[in-house]
Amino acid sequence: MQATFVWFIIGTTCIVQSSTAYFGYKKRQQHIWPRKFKECGGKMQSPIALSTSKSIALSLPALEMIGFHDVLPHPITLTNNGHSVALNVVKNSTHHRLPYIFGAILNENQQYELEGLHFHWGNKNNRGSEHVLNDMRYSMEMHIIHRNIAYSNMADASAHEDGLVVLGIFFQVQESDNEMINPILKHLPSIQWINTEVILNTSVILNSFIPKNTETYYTYRGSLTTPPCSETITWVIFSTPVSISFKQMTRFRMLSNGEDKLGDNYRKLQNIGKRKVYVRNVAASKIDLKKYKLDIGSAFWSIERIDWVRVIIDLSNKIQKNDVEQR
């Protein structure tokens with residue numbers, strides 16, 4: 001009989017009944033995910049290969065990150081769930097708001113509040129990240145999950161196409177330690193074994209894990225990269241990686257999944273299909289999306305019906321016409 005366990009998708013309130021036979025990262029295990037979780041075989045799955053040359057460059061708004069410089073409220077738990085290391089933050093009555101985000105390609109006036117974060121890494125430095133950028137696979141990728149505050153919980157948000165936003169951050173191995181990530185690293189020995197957790201006794205500031213340059217990001221519509229693979233995710237992936245040393249990466253690689261070392265916990269690349277990927281490039285053009293009243297968020301969620309090339313051409317023609325009239 002196969003052992004069944006309850007696994008927290010991101011270490012928060014959304015849980016999935018699963019089995020080790022259906023949820024593992026070996027090639028044969030990933031192949032059968034869709035048999036148990038139908039949506040894992042969908043057409044809008046993540047992760048994907050990102051390419052600057054194949055992305056649509058737009059002068060999109062910046063992603064606004066509020067409260068990322070504040071100390072996260074306690075208690076903060078760090079969990080080894082056998083598939084990842086997950087950090088869980090619980091909102092308490094003394095804190096008015098957890099960190100939240102808005103802007104970018106999201107619907108206007110919508111805010112997304114922090115739910116938690118987790119990591120994917122490789123057993124070798126040349127692999128580990130789930131997304132690939134310009135044929136580069138980084139050593140680790142961190143996902144910071146945010147829930148649309150219009151929905152009361154993760155389960156509710158996961159059922160709506162605008163329910164969740166995940167920030168993807170790459171980690172690249174460098175020679176020197178990155179002291180900013182020590183609050184998590186120092187607690188990893190306490191969760192070496194599967195289904196163990198520890199309450200952090202140090203302060204955690206979310207901005208410690210954010211790259212210095214957040215001006216350029218890639219964004220597309222996709223899914224959770226783990227079962228049930230819900231296709232309700234807006235991905236925002238920063239192009240600039242965060243540094244981590246080989247010694248620090250080794251701390252992650254010493255963890256156990258119950259059968260072996262916990263590592264290479266990344267999903268294989270998925271077909272992009274008819275989806276489009278957008279890259280924020282403030283110098284991409286003179287087009288001012290807000291000036292010409294383009295509803296970025298609504299257009300994004302209607303992506304299958306939008307011909308963005310035609311939109312850009314039309315806006316360019318408007319700009320040229322205005323320039324001529326002003327002369």
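Taken together, the values in this text are just the output of simple stated rules run on the coordinates, not laboratory data. A quick note: this is a predicted structure, and the numbers were derived from the prediction, not measured. Cβ placement follows ideal geometry from the backbone for every residue including glycine, while neighbour counts extend to all protein chains displayed.
Pairing residues of region 156-177 that are more than 18 Å from Q111 (Cα to Cα) with residues that are assigned to a strand (DSSP E or B) and hydroxyl-bearing (S, T, Y), at Cβ distances under 7 Å and at least 6 apart in sequence or on separate chains, gives Q172/S243; V173/S245; Q174/S243; Q174/S245; E175/S245; S176/S245; D177/S245. Of the strands (runs of 3 or more DSSP E) lying entirely inside region 20-127, those containing at least 2 residues that are surrounded by fewer than 21 Cβ atoms within 10 Å (Cβ to Cβ) and more than 19 Å from the chain's Cα centre (by Cα) are 56-58. I194: of a type in the set (A, V, I, L, M), surrounded by fewer than 21 Cβ atoms within 10 Å (Cβ to Cβ) and under 25 Å from T79 (Cα atoms), yes or no? Judged against the criteria, I194 is a match.
Give me a count of the residues in region 59-107 that are closer than 29 Å to M254 by Cβ and polar (S, T, N, Q). Going through region 59-107 one residue at a time, the tally reaches 6.
Here's the yes/no breakdown for (1) more than 18 Å from the chain's Cα centre (by Cα); (2) assigned to a loop (DSSP other than H, G, I, E, B):
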site	(1), (2)
R147	no, no
N182	yes, no
N207	no, no
P211	no, yes
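Here region 254-275 is the region considered, the condition is being surrounded by fewer than 19 Cβ atoms within 10 Å (Cβ to Cβ) and among the charged types (D, E, K, R), and the residue that is nearest to V165 (Cα to Cα) is R275. Annotation for region 217-239: no member residue is surrounded by fewer than 17 Cβ atoms within 10 Å (Cβ to Cβ) and part of a loop (DSSP other than H, G, I, E, B).
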